[in-house]
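Before any comments, here is the structure.
Read-outs: derived from the displayed coordinates by stated rules, not from any lab. Just so it is clear, the structure is predicted and the values come from calculations on it, not from any experiment. FYI the Cβ positions are ideal-geometry reconstructions off the backbone, even for glycines, and counts take in every protein chain you see.
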Amino acid sequence: MEESSSAERSEGLLEVLAKDFKGIPLTTLDTLVKNISLAPSVRSGPKEKLDPNVKYYEVGLRDINAERVITLEHCKKKNLGPANPYLVQKYALHENDLLLPYRASTDLTIARVGSHYPAAVVTNASVIRIEMKEDTTTELAILIQAYLSISYVKKAILPKEIFSRERRYGRYLISIKTLCALPIPTFTNVMVKDKEFGALYQRRLHLNYMLRVIRGKSMQLLQSFDKDEIETIKLYLHDKNDLPAINEKETYLLKKLDALLNEFVSLQNELL
């Protein structure tokens, strides 16, 4: 049943790709990468093989920056405990590897491993690792990351059941077999070596992140002022002496928001 559902979604994806990537030959994801797998815990095995002094970081999908590159700021605060040095070395992530969650969620995030970490970086057991070939360029890794982040591609990756209203609260896992067989364009040598795409994609990710932050901050501000009329009456009745200071602060805020709104409208008209 699962294989049939996966095959049907692959066929549907192929139809869309034939239009969006017209003229570009298609392959499967496993042909472009070295391996797709779950990594076991580096803290497993006989106690005598666990070293309390081994240096490593364990990352998950929350450990990313605005460009969806793995960062260690949060990981530095984790007390991970002893680990097997051999396993740390064996399963250490490499630059440009891609990570995605094993447990399915409609908010599917694809992260990329960066470079110049101070120690080995490994994943936890809830992360699928797409290990890149040794000669993979950063540009190709970003192309694959961007492709996997397309909405209709994510839908082909996710279990069909996750979109079922009847089974809304089930826990579903992403199939590594489905990932391996996922149709994907065979990106040309020009695309693989063109740094402009990577810069464009990461800049757009950063813009998306900034806009979401602004939306979140504006919602927080809205919630602090979203009060019933009775609250305003109570303020007048019981805190009348504070009204001049409150009026001054809110007048200043209104002026700032008006300027920000005009600037946003101007940006929208200029860029969109």
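The charge dipole of the chain, taken about its Cα centre with unit charges on the Cβ atoms of Lys, Arg (+1), Asp and Glu (-1) only, comes to about 640 debye.
Compared with the alpha-carbon gap, the fully stretched path from residue 94 to residue 200 is longer by 35.8 nm at 0.36 nm per residue. Close amide H partners of residue 58, meaning residues 5 or more places away or on another chain with modelled amide H under 5 Å apart, are 122. Considering only 248, 161, 95, the mean-square fluctuation computed in a Gaussian network model of the chain, springs between alpha carbons under 10 angstrom, is largest for 248.
Between 200, 101, 137, the Cα set farthest toward the positive side of the dipole of the chain (charges on each charged residue's Cβ, about the Cα centre) is that of 101. Quick one: helix 243-271 against the long Cα principal axis of the chain, what's the angle to the nearest 10°, folded into 0 to 90? Computed tilt is about 50 degrees. Hey, in the GNM for the chain with a 10 angstrom Cα cutoff, which one of 171, 103, 204 fluctuates hardest? Evaluated over the chain, the most mobile residue of the options is 171. Residue 135 to residue 248: FRET efficiency via 1/(1 + (r/R0)^6), r the Cβ-Cβ distance, R0 41 Å, to the nearest 0.05? The calculated FRET efficiency here is 0.05.
Taking Cα atoms, how many degrees apart are the long axis of helix 2-20 and the longest axis of the chain, rounded to 10 and kept between 0 and 90? Between the helix axis and the principal axis of the chain, the angle is about 70 degrees. Distances between placed amide hydrogens fall under 5 Å for residue 69 paired with 112, all partners being 5 or more residues away or on another chain. The candidate values were [x] 1.22; [y] 1.31; [z] 0.95; the one computed from these coordinates for Cα Rg over 2.2 N^0.38 Å carries the label [y].
Note on the chain: with a GNM built from Cα contacts shorter than 10 Å, the maximum mean-square fluctuation among 79, 247, 124 falls on 247. With θ taken as phi - 60° and the Karplus curve 6.51 cos²θ - 1.76 cosθ + 1.60 applied, the whole-hertz 3J(HN,Hα) list for the stretch 45-55 is x, x, 4, 5, 8, 8, 9, x, 9, 5, 9 Hz, x standing for glycine and proline. With both labels modelled 7 Å from their Cα along Cα-to-Cβ, the residue 180 to residue 47 distance reads 3.8 nm.
Only Lys, Arg, Asp and Glu carry charge here, each on its Cβ (+1 for the first two, -1 for the last two); on that basis the stretch 98-254 has a dipole of about 700 debye about its Cα centre.
Compared with the dominant principal axis of the Cα atoms in the chain, helix 229-238 is inclined by about 50°.
Rank 151, 181, 39 by how far each Cα sits towards the positive end of the charge dipole of the stretch 2-187 (+1 on Lys, Arg Cβ; -1 on Asp, Glu Cβ) and give me just the farthest. Projecting each Cα onto the dipole axis, the largest value belongs to 39. Straightening the chain between residue 270 and residue 19 buys 87.3 nm, computed as 0.36 nm per residue apart minus the Cα-Cα spacing.
For the stretch 38-78, the set of GluC sites (Glu not before Pro) satisfying both a DSSP loop assignment and a count of at most 12 other C-beta atoms within 10 Å is given as 73.
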